[in-house]
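Q: Here it is, the structure, as structure tokens.
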Amino acid sequence: MSFLVPCPNCGRRSVYEFRFGGEVRQVPSLEATQAEWQNYRFNRTNAAGIQTEWWFHYFGCRQWLQAVRNTVSNEVLHAYLPGEKH
């Protein structure tokens, strides 16, 4: 089974066309403590299972997208452009 990412602009493409951008996470507020900013910057959940992630379609439309992926099977359930309803 190949690892495909469904780009909203280009359709299903090989993961090798993309660059991984990490987990989608909430950015701390400007009033956050130094410890909260350190946690945001250096710690990841890295959960086994369903996770929403950033991907950049480097060899395609050159757009950032968010993908919902099962990290155990690498199956991408769906992908969408930031700000779109999903």
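Just so you know, all these numbers are worked out from the coordinates, no wet-lab data involved. For clarity, every value in this text was computed on a predicted model and none was experimentally measured. No Cβ is skipped: glycine too gets one built from the backbone with ideal geometry, and neighbour counts run over all protein chains shown.
Q: For region 52-86 and region 11-38, compute the distance between their C-alpha centroids and round to whole Å.
A: Spelled out, the Cα-based centre of one part sits 12 Å from the other.
Q: In terms of the Cα gyration tensor, with a ≥ b ≥ c the square roots of its eigenvalues, is the chain rounded because a/c is under 1.5, prolate because a/b exceeds b/c, or oblate?
A: prolate
Q: Test of understanding: given the chain, find the longest segment containing no GluC sites (Glu not before Pro) that are in a DSSP loop and have at most 10 other Cβ atoms within 10 Å.
A: Values: sites that count: E31, E84.
Between exposed loop sites, the widest span is 32-83.
Q: Shifting gears a bit: Arrange the following residues from fewest to most other Cβ atoms within 10 Å of their Cβ: C7, C61.
A: C61, C7
Q: Sticking with this one: For the chain, build the charge dipole from Cβ charges (+1 Lys, Arg; -1 Asp, Glu) around the Cα centre, then report which of Q51, Q26, Q38 sits farthest towards its positive end.
A: Q51
Q: Within the chain, which is the longest segment that contains none of the trypsin sites (Lys or Arg not before Pro) sitting in a DSSP loop with at most 14 other Cβ atoms within 10 Å?
A: Details: sites that count: R25, R44, R62, K85.
For trypsin sites (Lys or Arg not before Pro) (loop position, at most 14 other Cβ atoms within 10 Å), the longest site-free span of the chain is 1-24.
Q: Right, another one. Please arrange H57, H78 by counting, for each residue, the other beta carbons lying within 10 Å of its beta carbon, fewest first.
A: Values: H57 20, H78 11.
So the residues, fewest neighbours to most, are H78, H57.
Q: Taking θ = phi - 60°, what integer Hz values does the Karplus form 6.51 cos²θ - 1.76 cosθ + 1.60 yield along region 17-24, in sequence order, with x for Gly and Pro?
A: Whole-Hz 3J(HN,Hα) from phi for region 17-24: 7, 10, 10, 6, x, x, 5, 7.
Q: R0 = 30 Å: FRET efficiency of V68 with Q34, Cβ-based, nearest 0.05?
A: Calculated value: 0.40.
Q: On to the next question. Give, in nm to one decimal, the length gained when the segment between F42 and H78 is fully stretched (0.36 nm per residue of separation minus the Cα-Cα distance). Present the calculation step by step, with values, prior to reporting the outcome.
A: On the way: separation 36, 0.36 × 36 = 12.96 nm, distance 2.69 nm.
10.3 nm is the gain from fully extending F42 to H78.
Q: Right, another one. Only counting other Cβ atoms within 10 Å, I'd like F20, F42, F56 sorted with the fewest neighbours first.
A: F42, F20, F56
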